[in-house]
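Only the coordinates and a few stated rules stand behind these numbers; no lab work does. A quick note: this is a predicted structure, and the numbers were derived from the prediction, not measured. Every residue, glycine as well, gets a Cβ built from its backbone with ideal geometry; the counts of neighbours run over all protein chains shown.
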Amino acid sequence: MKTLSISVLLALTAVLPAADKPARLFILSGQWNMAGMNPKTGFEPETAALFPAADVASIKIAAGGQALRYWVAEWDEIAKKHGIDVANSDPRGAWVDCDDLNDKQINGITINDLHYTPQGYELLGRRYVRQAKALIEKEKPAQNGRPE
């Protein structure tokens, strides 16, 4: 049975009053699958497409094999208690569905692997940016965690 994976997106945005264009800072923080995501393949192209008039920067802090409690103690419990509901109930929150990012075809059979595929990492980056864009522009993020 597939388990639903939840990734937490932290996006800090700031508009610098002295700058000619807005600045966007994304903090990509996570565990194994975030460590495996190359921002240049999905995340950065999507930020360039969705924020063409902004200066965009990202900082990636990720390490594999780390329990959530090593990052932020409260997240361990939050993830266990309906993390999706928490994200959807917060007007400044969003979640990204990762459940389909690790599916692999082996001999015609779909295998739900532990780690994402290369295409899964690219889609992860695009989904993060799309959800962040909705929040930044005060629009409703995709409630299903799969923004188009």
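Structural remarks
- In order through the stretch 133-147: 3J(HN,Hα) via Karplus (6.51 cos²θ - 1.76 cosθ + 1.60), integer Hz, x for Gly, Pro: 4, 4, 5, 4, 8, 6, 9, 7, x, 5, 5, 8, x, 10, x
- By average C-beta atoms within 10 angstrom, highest first, the peptides 29-39, 124-134, 105-115: 124-134, 29-39, 105-115
- Proximity of backbone amide H atoms, modeled 1.01 Å from N, is registered between Arg146 and Asp97 at under 5 Å, excluding neighbours fewer than 5 places apart on the same chain.
- Among Lys60, Lys40, a tally of other beta-carbon atoms within 10 Å of each Cβ gives an order, fewest to most, of Lys40, Lys60.
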